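The values are calculated or read from the model by the stated rules, or taken from the named source; none is laboratory data. Every value quoted in this text rests on a predicted model; they were computed, and no experiment measured them. Glycine also receives a Cβ, built like all others from the backbone with ideal geometry; neighbour counts cover every protein chain displayed. Ligands, DNA and RNA are stripped out before the accessible areas are found, and what is left, the full protein with its side chains, is counted by its heavy atoms. Shrake-Rupley method; radii C 1.70, N 1.55, O 1.52, S 1.80 Å.
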Amino acid sequence: MKINDTRKALAAKSPAELKTELDALLKEQFGLRMQKATQQLQDTSKMKSVRRSIARVRTLMHRKAGEA
């Protein structure tokens, strides 16, 4: 899935759905940090993509909160 498709899919979600998406991403980020700490992380670029996804979701949440 391309970035634009991901952005469009996130923009179509409701604030409650964005909150659950954010929670899932934060749990994934925590798991990746634990893997890194125990030197079990294979794909280090995954951390960067998850961090950016979290930023995208938070940005959309703030935009939707401002509109309401």
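What is the sum of charges around Gly31, taking Lys and Arg as +1, Asp and Glu as -1, for the other residues whose C-beta is under 14 Å from the C-beta of Gly31?
Working: positive: Lys27, Arg33, Lys36, Lys46, Arg51; negative: Asp23, Glu28, Asp43.
It works out to a net charge of +2.
Within a Cβ distance under 12 Å of Glu21, other residues only, what is the Lys/Arg minus Asp/Glu net charge?
+2
Which of (1) 53, 19, 17; (2) 44, 22, 14; (3) 62, 20, 9 is the computed Cα extents along the principal axes in Å for the structure on display?
(2)
For n ≥ 4 DSSP H runs only, could you compute -39500 (n - 2.57) per run for the chain, divide by its residues and tell me the 222 nm figure to the nearest 500? Walk me through the intermediate numbers first.
Details: 3 runs with 55 residues, N = 68.
The per-residue figure over the chain is -27500 deg cm²/dmol.
What's the extension gain from Ala16 to Ile3 if we count 0.36 nm per residue and subtract their Cα-Cα distance? Show your work: numbers first, answer last.
Values: separation 13, 0.36 × 13 = 4.68 nm, distance 2.17 nm.
My answer for the length gained is 2.5 nm.
Counting only pairs 8 or more places apart or on different chains, how many lysine pairs in the chain have C-alpha atoms closer than 25 Å?
For the chain, the number of qualifying lysine pairs is 26.
What nm distance separates the two modelled labels at Gln29 and Ala55, each placed 7 Å from Cα along Cα→Cβ?
Each label point is offset 7 Å from its Cα along the Cβ direction, giving 1.1 nm.
Ignoring ligands, DNA and RNA, what percent of the 1.4 Å accessible area of the chain is carbon and sulfur?
Carbon with sulfur: 53 percent of the solvent-accessible area.
Keeping all protein chains in place, calculate the accessible area per residue for the chain (probe 1.4 angstrom), answer in Å².
Values: 5330 Å² over 68 residues.
Result: 78 Å² of accessible area for each residue.
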